[in-house]
Amino acid sequence: MPQLGLLHGRAWTVFLGQLRRPPGAVCIRAVRSHSQVAEALFASQLKPQEKSNFIIKTPKGTRDLSPQQMVVREKILNVVVSCFKRHGAKGLDTPAFELKEILTEKYGEDSGLIYDLKDQGGELLSLRYDLTVPFARYLAMNKVKKMKRYHVGKVWRRESPTIVQGRYREFYQCDFDIAGQFDPMIPDAECLKIMCEILSELHLGDFLIKVNDRRILDGIFAVCGVPESKFHAICSSVDKLDKISWKDVRHEMVVKKGLAPEVADRIGDYVQCHGGISLVEQMFQDPRLSQNKQALEGLGDLKLLFEYLTVFGVAEKVSFDLSLARGLDYYTGVIYEALLLQTPVHAEEEPLNVGSVAAGGRYDGLVGMFDPRGHKVPCVGLSIGVERIFSIVEQRMKTFGEKIRTTETQVFVATPQKNFLQERLKLIAELWDAGIKAELMYKNNPKLLPQLQYCENMGIPLVVIIGEQELKEGVIKLRSVPSREEVAIKRENLVAEVQKRLSES
């Protein structure tokens with residue numbers, strides 16, 4: 001044990017606490033020096049402890065990702081971020097936690113899912129629930145009037161996790177948003193085009209994007225006789241139609257939220273309708289809805305939206321669905337949600353119901369909530385559900401037994417003989433300096449067979465081999481792992497030959 005100096009502060013507190021223990025407890029007696037005190041304290045701490053019931057696990061609703069899973073996640077994120085950049089977005093990051101008052105009253109009934117942090121004697125803080133509200137706060141705080149941004153980051157929600165369906169308490173969101181005053185529906189159409197591009201590129205199978213407009217929903221509530229004070233509450237009930245039946249939603253409206261039964265029935269006549277541009281035209285002719293100014297504005301924008309989506313070539317992927325509500329309070333206009341259709345890509349796959357895999361909408365009033373003068377910055381955006389997509393890809397990997405490379409190593413530097421560590425280090429430094437991904441075994445004198453087996457197991461395509469004969473002749477052996485063919489090349493041509501081989505593969 002290392003020599004210990006004088007006891008100070010906490011050490012004396014521990015020591016005195018030991019002295020106060022009742023009979024039978026570990027006690028330090030007849031101490032003649034500080035070193036004896038320290039040794040006795042250490043000895044008492046090393047006594048066998050009773051077995052604890054503590055279980056090592058991750059917190060509920062969270063998980064670790066293995067190296068294989070990280071490879072898959074990174075590929076998904078690369079597809080998403082590449083698409084965002086292709087559309088001209090800039091990257092942005094915000095703190096993992098915000099002032100509690102920033103997040104409150106922005107999420108409707110879901111506000112109860114926000115994680116509040118314990119007050120540490122300073123500011124009241126909460127973990128971010130999504131990436132949209134922090135973005136709005138950033139725009140207001142920095143007086144930014146126009147921005148196209150993407151953000152990939154973790155968010156936290158205190159909901160009951162359903163791991164099989166890709167629902168967690170801690171998860172990544174990938175957001176794309178366009179802020180600024182522009183002509184109607186052009187940014188909104190681009191957001192829907194981006195969703196189609198990403199879902200198509202990920203090869204998840206067929207999908208459908210539902211669209212609606214909060215102004216149309218509010219118009220429906222108004223003409224059906226819903227009191228304005230109940231709009232948000234009834235909207236939250238309608239938002240559950242993708243999970244429970246109309247009968248159950250109606251029961252919630254009437255019994256739990258005090259809506260008159262005949263009003264609920266009138267709402268049901270509308271929210272069970274879905275279709276394409278023809279339904280938009282039909283709603284224009286509706287005798288009740290056509291009398292509501294808000295609803296007419298929303299229908300006009302949807303008609304324009306479908307025109308642009310037709311030009312983009314994605315209108316057949318989009319459905320006007322009056323049941324879509326998106327329960328978050330900050331939406332003010334067009335809203336949308338992408339669902340995977342249940343037909344698997346391959347016959348061997350089991351259908352996996354993961355709910356929506358992307359969603360978003362227009363929120364023109366959110367930035368104004370944070371601006372001292374209430375100046376508004378119109379915004380529209382989307383969020384890709386990476387965790388749910390990952391669940392689908394992960395299941396597919398298990399079904400087909402796909403093997404995943406967990407490293408990107410291109411070359412392994414090996415030797416069949418002893419005392420060649422320094423030569424291997426020279427070679428690998430040369431490869432690293434040329435930007436080539438390379439590894440070696442961390443042993444002075446490794447055997448050749450384990451080195452070659454490692455390359456085969458890890459999928460490393462090339463092996464550089466150096467030994468006494470190669471050193472004498474000024475050459476290097478270059479081995480192709482898949483074919484097991486070896487060729488001798490001049491030592492000075494190593495980097496050029498490796499780069500040539502890699503470019504051909």
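What FRET efficiency comes out for the pair E297/C273, r = Cβ-Cβ distance, R0 = 22 Å, nearest 0.05? So, using R0 = 22 Å, E works out to roughly 0.70.
Net charge near P161: determine it from the other residues with C-beta under 11 Å of the C-beta of P161, scoring Lys and Arg +1 and Asp and Glu -1.
Details: positive: K60, R63, R157, R158, R167, R169; negative: E159, E170, E387.
That sum, taken over residues with Cβ under 11 Å, equals +3.
In a simple Cβ point-charge model (Lys, Arg +1; Asp, Glu -1; nothing else charged), the chain has a dipole of about 2180 debye relative to its Cα centre. Note on K500: lysines with a C-alpha under 19 Å away, same-chain residues under 8 apart excluded, are K437, K477, K490. Checking the cross-link pairs K90/K398; K243/K376; K90/K154 against a 26 Å limit on the alpha carbon distance flags K90/K398; K243/K376 as lying beyond it. Take every Cα pair under 8 Å whose residues are at least 6 apart in sequence, average their separation, divide by the length of the chain, and the relative contact order is 14 percent.
Enter the accessible area per residue of the chain (Å², integer; probe 1.4 Å; all protein chains in place).
Values: 27110 Å² over 505 residues.
Roughly 54 Å² per residue, with all protein chains present.
With helices as the sole contributors, the chain gives -12000 deg cm²/dmol at 222 nm; each DSSP H run of n ≥ 4 counts as -39500 (n - 2.57), and the sum is divided by every residue.
In the complete set of protein chains, residue-level accessible area for H251 is approximately 100 Å², probe 1.4 angstrom. Given their separation in residues at 0.36 nm each and the Cα-Cα distance between them, Q499 and E408 gain 31.3 nm when the chain is fully extended.
Across segment 437-505, Cα pairs under 8 Å and at least six residues apart give a relative contact order of 20 percent. Projecting the Cα positions of L296, Q272, V377 onto the charge dipole of the chain (unit charges on Cβ atoms of Lys, Arg, Asp and Glu, taken about the Cα centre) puts V377 furthest along the positive direction.
Normalised by the number of residues in segment 355-423, the average gap of Cα pairs under 8 Å and 6 or more apart makes the relative contact order 26 percent. Using r as the Cβ-Cβ distance of L341 and D248, and R0 as 22 Å, what FRET efficiency do you calculate, to the nearest 0.05? Once rounded, the FRET efficiency stands at 0.40.
May I ask for the net charge around K145, where only other residues with Cβ less than 12 Å from the Cβ of K145 are counted and Lys, Arg are +1 while Asp, Glu are -1? Local charge sum for K145: +2.
Note on L448 and Q422: the model spin-label points, each 7 Å out from Cα along the C-beta direction, lie 2.3 nm apart.
Spatial offset of segment 447-464 relative to segment 161-231 amounts to 49 Å, using the alpha carbon center of each.
Annotation: amide H-H contacts under 5 Å for F207 (H modelled 1.01 Å from N, sequence separation of 5 or more, or interchain): L341. Obtain the nm distance between the two label points defined at L99 and K376 by a simple spin-label model: each point lies 7 Å from its Cα along the Cα-to-C-beta direction. Those two pseudo-labels are separated by 2.4 nm. Length gained on full extension, D64 to E109, computed as 0.36 nm times the residue gap minus the Cα-Cα distance: 13.2 nm.
If you roll a 1.4 Å probe over the chain with all protein chains in place, what percent of the accessible area is carbon or sulfur? Don't skip to the answer; put the middle values down first.
On the way: 14130 of 27110 Å².
Looking at the chain in its full context, I get 52 percent from C and S.
Reducing segment 355-422 and segment 57-104 to their Cα centroids gives an inter-centroid distance of 6 Å.
The values are calculated or read from the model by the stated rules, or taken from the named source; none is laboratory data. The shown structure was predicted, so the numbers you read here are calculated from the model rather than taken from an experiment. Every residue, glycine among them, receives a Cβ derived from its backbone with ideal geometry; neighbour counts consider all protein chains shown. Heads up: the accessible areas ignore ligands, DNA and RNA and are worked out on the full protein's heavy atoms, side chains in. Shrake-Rupley method; radii C 1.70, N 1.55, O 1.52, S 1.80 Å.
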